[in-house]
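The values are calculated or read from the model by the stated rules, or taken from the named source; none is laboratory data. Keep in mind that this is a model prediction, so the values were computed, not measured. Positions of Cβ are backbone-derived with ideal geometry, glycine not excepted, and every protein chain shown enters the neighbour counts.
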Amino acid sequence: MQNTDKKYNRLEQSLIAFFEKKKADLSANCSPKIVLSRQQAFDEFQRTGLPTSTDENWKNTRIEKLYNESFQPDNPPTGYEKSASEIFQCEIHGFDAHVISMLNGWYYCPEGMQLQTLKDGLVVGSIIAAQKQYPELFDRYFDEIAQNRKHGLTAVSRALFRDGVFIYVPDGVEVKKALQLIKIVNRDEKMMVNSRNLIILGKNSKLSLLHCDDSINHNPGFINTFTEVQLGENASIELYKLQNINNETALLNSTFIRQERNSRSKVNVVTLNGGLIRNELNVDLLGEGADADLNGIYLMDNEQHIDNQVFVNHAVPNCTSSELFKGVLDEKATGVFNGNIFVARDAQNTNAFQRNNNILLSPTAKIDTRPFLEIYADDVKCSHGATVGQLDEEALFYLKQRGIPRQDAYLLLMYAFTAEVTGKIAINALRSNIEDMIKKRLRGELAICEKCVLHCNHPVIPLEFEIDMSRV
Amino acid sequence: MLLNIKNLHVSINGKEILKGLNLGVNKGEVHAIMGPNGTGKSTLAAAITGREGYEITKGEIIYKGKNIKDLSPDVRANEGIFLSFQYPVEIPGVSMTNFMRTALNAQREYRKLPPMPAAGFLKKMEEKKQLVEIHARMTNRSVNEGFSGGEKKKNEIFQMAMLEPQLAILDETDSGLDIDALQVVAKGVNALRSPDNGFVVITHYQRLLEYIVPDFVHVMYDGRIVKSGGKGLAFELEEKGYDWIKKTA
């Protein structure tokens, strides 16, 4: 149906104008496949417009409140002046990782380093640089992994992305050192940053990736990221996402993972702060023996909003999946959890688990949780469940009766609640870093850019009480 | 006097449960509180420890010379009041070690003492674990999670040993225990008895009192203490049953 009379909102108008004006510029250096993909995505976007909370999959996420803001969709590249560590320091530190970064939607590196092969065989760099170097990989995987569950905003990132990260782990390469991607947003205007990433793991390969969305300034923004992940036969990825952004910024992370035979994905999304954050995790289990272990933790307050959309497609027999998302919402924070397990007719011997637990600390906090199973095979083992509750009064009294003050008892219980998820983080140094951040967040001490050299003028809230949660 | 309860009236949701209870406990004494179910024994424990929802409508609880009515449960605990719970709570995600260290250091902080160094803390844990025959694996697990009934009760006594309270209230610590566990629990309690602390042992059965020998036995009925005596009263009760009390009350 042609919507010639479609009325576009302010953001839609500026995105359309931007694409039409910059079409040639966007397509410079891009292969015909990418040029075509941009055009198709743009057409799709013009047809559907941006999603709103009246769409079933966006119910209770008032994304449209962003649409009358004036976001600047064009972000000229910043020349490389300082090393990334001079601009920012990510919260997660002291753990041994190879660091790459994006600045305002552009791959940020010294001249000539747009694409590098590291010692251990890992290829990392800018997606634009990579598509020239690896046309056959782009033919095979670019735009091929994300098939369903796309929408107006994924169309925008696909049409308008300036740059993004390309990661390629060749067959048989097991990357020992973790890779850390730090996304920096630092401009004086309100920006919409559209980027897209392509991550390819060859057969029998292995990678740990930490994706940090925590280095942004205090301006409102809209970060829209589209990521495709290919896991070849017996490949294994650990993907950690850390989200700690200001209360005026919206973040959409749309991640599509395609898994071949015996591949394993382990995802842990840690959301500590942000105005509106939506994580879309779509996993297609296309080869027998594939396993997806998807976890998330969210700690929201103020008027923050978190939306986790998890979709696992069991397309073939003998695959396993697990979804565990837990969250604490305080004050007027709101949240959505939408968990879907789809088991195709032939996908016998599927084992799928899903759980979402929430703690609401105030009567004005809200969560809308919808665990959902759609099963067409008959020999499967699936379970799902969701809870919404308060902290256990019995447990609180028990702790207080041992002399632990009320506020510390609260903290201890909330921290314990999150431990089930953080306990699954396999890299010890990363886990203790994240656990420390969660403690700080629960104490109200975590400044958004606490460690950031650029924006550290925000005072750290003084420590009001001490709780001994160290390991003995 | 360590604890002096005078004419205590306590209501839950407007329903009066304790109806003028009097009890005095001196340092060095063990008082047993017996009585049929539903006479307010656990309500007494809840009122002393400051549990929410238990409203003192009349009378007072004087502990170490002060009315504790307005003190929060944690402050009462820090002042040395300990409750061995009838139903210890499971707290997934909080390890026993972490829990105990947090509690101990909270109490030390209240008393203006520096936190206990890790080595000293671990040594103390080991010592007290042996006292109640707790196996090492128990302290590495989450608080009470997956513990058997007996383990949970032993764990309460272990915590008591760690925190060294001045007033310990044992609420039906014997319920659900086999004779071996009962002996271990009693041994733990007896080891902690001293001229400086007092115990209130709430029990339905006389059995526990064979192992923890009380100085005084009180019988509760319908929200009051209706009879008090020496340890012989417990045996008398065992023989005659609670109907005897009900008739005389």
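Does A:Leu286 satisfy the criteria of being hydrophobic (A, V, I, L, M, F, W, C) and surrounded by fewer than 22 Cβ atoms within 10 Å (Cβ to Cβ)?
Spelling it out, A:Leu286 is indeed hydrophobic (A, V, I, L, M, F, W, C) and surrounded by fewer than 22 Cβ atoms within 10 Å (Cβ to Cβ).
Which members of the stretch A:336-362 meet the condition of being of a type in the set (A, V, I, L, M) and assigned to a strand (DSSP E or B)?
Result: A:Val336, A:Ile341, A:Val343, A:Ala352, A:Ile359, A:Leu360.
Filter the stretch A:414-429 down to the residues that are part of a helix (DSSP H, G or I) and more than 7 Å from every other protein chain (Cβ to nearest Cβ), then identify the one that is surrounded by the most Cβ atoms within 10 Å (Cβ to Cβ).
A:Thr418
Return yes or no: is A:Leu294 among the hydrophobic types (A, V, I, L, M, F, W, C), surrounded by 23 or more Cβ atoms within 10 Å (Cβ to Cβ), in contact with a Leu (Cβ under 7 Å, 6 or more places away or on another chain) and under 20 Å from A:Ile425 (Cα atoms)?
When the stated conditions are applied, A:Leu294 passes them.
Against the definition (of a type in the set (Val, Ile, Thr) and more than 18 Å from B:Ser42 (Cβ to Cβ)), how does B:Val201 come out, yes or no?
no
Is it the case that A:Met437 is under 26 Å from A:Glu238 (Cα atoms), within 12 Å of chain B (Cβ to nearest Cβ) and crowded, with 21+ Cβ neighbours inside 10 Å?
Criteria not met by A:Met437.
Do we find a residue being closer than 15 Å to B:Ala168 by Cβ and within 14 Å of another protein chain (Cβ to nearest Cβ) anywhere in the stretch B:14-25?
no
With B:Thr39, B:Thr49, B:Thr57 as the choices, which residue is more than 17 Å from B:Glu156 (Cα to Cα), crowded, with 19+ Cβ neighbours inside 10 Å and touching a strand residue (DSSP E or B) at 6+ places or on another chain (Cβ under 9 Å)?
B:Thr39
Assuming A:Arg406 fulfils every condition listed in (1) within 14 Å of chain B (Cβ to nearest Cβ); (2) in contact with a Phe, Trp or Tyr (Cβ under 9 Å, 6 or more places away or on another chain); (3) under 25 Å from A:Met300 (Cα atoms) apart from one, which condition is it?
(2)
Determine, yes or no, whether B:Ile225 is part of a helix (DSSP H, G or I) and in contact with a strand residue (DSSP E or B) (Cβ under 8 Å, 6 or more places away or on another chain).
Judged against the criteria, B:Ile225 is not a match.
Starting from the stretch A:159-170, take each residue that is without any contact (Cβ under 8 Å) to a residue 12 or more places away in the chain and under 15 Å from A:Met102 (Cβ atoms) and list its partners that are surrounded by 24 or more Cβ atoms within 10 Å (Cβ to Cβ) and not polar (S, T, N, Q), counting only C-beta distances under 6 angstrom and pairs at least six apart or across chains.
Pairs found: none.
Would it be correct to say that A:Ala395 is in a helix (DSSP H, G or I), within 11 Å of chain B (Cβ to nearest Cβ), more than 25 Å from B:Pro117 (Cβ to Cβ) and at pLDDT 90 or above?
So A:Ala395 fits the description; yes.
Kindly provide the set of residues from the stretch A:310-369 that are among the basic types (Lys, Arg) and closer than 23 Å to A:Ile438 by Cβ, ordered by number.
A:Lys326, A:Lys332, A:Arg355, A:Lys366
Anything in the stretch B:101-154 that is in a helix (DSSP H, G or I), within 12 Å of another protein chain (Cβ to nearest Cβ), in contact with a Ser or Thr (Cβ under 8 Å, 6 or more places away or on another chain) and in contact (Cβ under 8 Å) with a residue 40 or more places away in the chain? List them, or say none.
B:Thr139, B:Asn140
Just the residues that are among the small types (Gly, Ala, Ser), on the phi > 0 side of the Ramachandran plot and touching a strand residue (DSSP E or B) at 6+ places or on another chain (Cβ under 8 Å), please, taken from the stretch B:98-156.
Passing the criteria: none in range.
Could you please give the count of residues in the stretch B:26-69 that are within 14 Å of another protein chain (Cβ to nearest Cβ) and under 30 Å from B:Lys247 (Cα atoms)?
Residues that pass the stated criteria total 6.
Each row is one residue, and each column tells you yes or no for (1) at pLDDT 95 or above; (2) of a type outside the set (A, V, I, L, M, F, W, C).
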site: A:Gln2; (1), (2): no, yes
site: A:Lys7; (1), (2): no, yes
site: A:Leu11; (1), (2): yes, no
site: A:Ala17; (1), (2): yes, no
site: A:Ala24; (1), (2): no, no
site: A:Lys33; (1), (2): yes, yes
site: A:Ser37; (1), (2): yes, yes
site: A:Pro51; (1), (2): yes, yes
site: A:Phe71; (1), (2): no, no
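Which residues, counting only those in the stretch A:273-300, are out of contact with any strand residue (DSSP E or B) (no Cβ under 6 Å at 6 or more places or on another chain) and in contact (Cβ under 8 Å) with a residue 40 or more places away in the chain?
If the condition is that a residue be out of contact with any strand residue (DSSP E or B) (no Cβ under 6 Å at 6 or more places or on another chain) and in contact (Cβ under 8 Å) with a residue 40 or more places away in the chain, then A:Gly287 is the only one that fits.
List the pairs whose first member sits in the stretch B:232-249 and is at pLDDT 85 or above, whose second member is of a type outside the set (Ser, Thr, Tyr) and assigned to a helix (DSSP H, G or I), and whose Cβ atoms are under 7 Å apart, counting only residues at least 6 apart or on separate chains?
Close Cβ pairs satisfying both conditions: B:Ala234/B:Leu209.
Being in a strand (DSSP E or B) and out of contact with any Ser or Thr (no Cβ under 9 Å at 6 or more places or on another chain) is the filter; apply it to the stretch A:95-113 and report the residue that is nearest to A:Ile182 (Cα to Cα).
A:Ile100
Give the stretch B:70-94 a look and list any residue that's facing chain A (nearest Cβ under 8 Å) and in a strand (DSSP E or B), or say none.
Correct list: B:Phe82, B:Leu83, B:Ile91, B:Pro92, B:Gly93, B:Val94.
Check the stretch B:7-14 and report whether any residue there is assigned to a strand (DSSP E or B), touching a Gly at 6+ places or on another chain (Cβ under 6 Å), exposed (fewer than 15 other Cβ atoms within 10 Å of the Cβ) and among the polar types (S, T, N, Q).
Yes; the residues of the stretch B:7-14 include at least one that is assigned to a strand (DSSP E or B), touching a Gly at 6+ places or on another chain (Cβ under 6 Å), exposed (fewer than 15 other Cβ atoms within 10 Å of the Cβ) and among the polar types (S, T, N, Q).
I need the full set of residues from the stretch B:30-69 which are in contact with a Phe, Trp or Tyr (Cβ under 8 Å, 6 or more places away or on another chain) and in a loop (DSSP other than H, G, I, E, B), in order please.
B:Gly35, B:Pro36, B:Thr39, B:Arg51, B:Glu52
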